[in-house]
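Undergrad: Dumping the structure here so I can ask a few things about it.
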Amino acid sequence: MTVETGGNCNARGASGEGGCFQFMPGTWSYWSQKVFGYVERQTPANEEYVALHKIQAHLNEGYGEKEIALIWNQGNASPCKAGTNSYGVVYDSCSYVQKVLVAMR
């Protein structure tokens, strides 16, 4: 949350992501359905609950901090990528991972 929005839960990204943790709408629907058993409203408390559940699921799968940051940012734990997404937003997964690791310390 610190890296994504600095705690601004009203933040909206140029790619359609929103909330404290910058969930894409489809990702929010999928994960809230998985965690709650139905698609729950995207509130700060619900986002935190889902994010912690999602992170714990990745830890249980054997992923470490770096891989989880990559999954959060680019959808998989593959090597870092940089470029421009289909919305015209420039991204750099390596840079993102470093920000997450610094914030965790």
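The values are calculated or read from the model by the stated rules, or taken from the named source; none is laboratory data. A quick note: this is a predicted structure, and the numbers were derived from the prediction, not measured. For neighbour counting, all protein chains shown are included, and Cβ atoms are generated from backbone atoms with ideal geometry for every residue, glycine included.
Undergrad: Output the residues belonging to segment 56-71 that are surrounded by fewer than 16 Cβ atoms within 10 Å (Cβ to Cβ) and in contact (Cβ under 8 Å) with a residue 12 or more places away in the chain. Steps first, answer last, please.
TA: Here is the first cut: in segment 56-71, the ones surrounded by fewer than 16 Cβ atoms within 10 Å (Cβ to Cβ) are 56-57, 59-62, 64-66.
GLU65, LYS66 - these are the residues of segment 56-71 that are surrounded by fewer than 16 Cβ atoms within 10 Å (Cβ to Cβ) and in contact (Cβ under 8 Å) with a residue 12 or more places away in the chain.
Undergrad: Looking at GLN56, GLN42, GLN98 in this structure, which one is among the polar types (S, T, N, Q), farther than 22 Å from GLY6 by Cβ and either at pLDDT 95 or above or in a helix (DSSP H, G or I) (or both)?
TA: GLN56
Undergrad: Same structure, new question: Restricting to segment 5-36, what's the tally of residues that are without any contact (Cβ under 8 Å) to a residue 60 or more places away in the chain and either among the aromatic types (Phe, Trp, Tyr) or not in a helix (DSSP H, G or I) (or both)?
TA: Initial filter on segment 5-36 (without any contact (Cβ under 8 Å) to a residue 60 or more places away in the chain): 5-12, 17-36.
Within this subset, residues satisfying the condition of being either among the aromatic types (Phe, Trp, Tyr) or not in a helix (DSSP H, G or I) (or both) are 6-12, 17-24, 28, 30-31, 36.
Final tally of qualifying residues: 19.
Undergrad: Here is a follow-up. Test VAL35 against the criterion of being in contact with a Phe, Trp or Tyr (Cβ under 6 Å, 6 or more places away or on another chain), surrounded by 16 or more Cβ atoms within 10 Å (Cβ to Cβ), more than 18 Å from LEU101 (Cβ to Cβ) and of a type in the set (Val, Ile, Thr), and give yes or no.
TA: So VAL35 fails the test.
Undergrad: Which residue is nearest to HIS58 (Cα to Cα), if the candidates are limited to segment 72-88 and must be surrounded by fewer than 12 Cβ atoms within 10 Å (Cβ to Cβ) and in contact with a Leu (Cβ under 9 Å, 6 or more places away or on another chain)?
TA: Applying the filter and picking the extreme gives ASN76.
Undergrad: So for segment 19-27 (the condition being within 14 Å of the chain's Cα centre (by Cα) and exposed (fewer than 14 other Cβ atoms within 10 Å of the Cβ)), does at least one residue qualify?
TA: Yes, segment 19-27 contains at least one residue that is within 14 Å of the chain's Cα centre (by Cα) and exposed (fewer than 14 other Cβ atoms within 10 Å of the Cβ).
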